[in-house]
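Q: The structure's right below; bear with me while I get my questions together.
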Amino acid sequence: MTKIDEQVIDVNEISHIAQGVFIKGDITCPADVRIDGRIEGTIQSSGRVVVGETAEIKGAVKCEMLDLWGIMDGDVFVRNTLSLKAGSSIKGNVNTHKLQVEMGSAFNGFCKMIEEEEYDKQLS
């Protein structure tokens, strides 16, 4: 078990899409997911989505929290916090409650700060 942000997470509940894997289609995940491969489609998670350094995503991401190290082309809807890490790149519109941006990240699009209720409406 791992403790993240005062929340206990069973590491067996974290899905992983490894480097070299290519998925074309939508992904729905009830828990956390780490992506190191390539995805074309929408990713929806009730937990945290971690997009690793080797990951490439073409499509929308809807999740509780998003940590982005890789490359993304699509819109983002984050209920809590979006963290753009150094070396990351996002081309698309961002809707998030909180935003952290590290030096060396690239962001091209519009950003709208939303309340959690507005995120919930997006999922309806």
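The values are calculated or read from the model by the stated rules, or taken from the named source; none is laboratory data. Model, not experiment: these values are computed from the prediction. For neighbour counting, all protein chains shown are included, and Cβ atoms are generated from backbone atoms with ideal geometry for every residue, glycine included.
Q: Taking Lys98 as the residue in question, decide whether it is modelled with pLDDT under 95 and either more than 17 Å from Tyr119 (Cα to Cα) or assigned to a strand (DSSP E or B) (or both).
A: Considered against the rule, which asks whether it is modelled with pLDDT under 95 and either more than 17 Å from Tyr119 (Cα to Cα) or assigned to a strand (DSSP E or B) (or both), Lys98 comes out as no.
Q: Which of the residues that make up the stretch 48-68 are surrounded by 21 or more Cβ atoms within 10 Å (Cβ to Cβ) and either hydroxyl-bearing (Ser, Thr, Tyr) or closer than 19 Å to Asn108 by Cβ (or both)?
A: Val51, Ala55, Ile57, Val61, Leu66, Leu68
Q: When the stretch 17-68 is examined, which residues are found to be over 17 Å from Leu84 (Cβ atoms), assigned to a strand (DSSP E or B) and touching a Ser or Thr at 6+ places or on another chain (Cβ under 6 Å)?
A: Cys29, Val33, Gln44
Q: Among the residues of the stretch 112-121, write down those that are surrounded by 14 or more Cβ atoms within 10 Å (Cβ to Cβ) and of a type outside the set (Asp, Glu).
A: Within the stretch 112-121, Ile114, Tyr119 meet the criteria.
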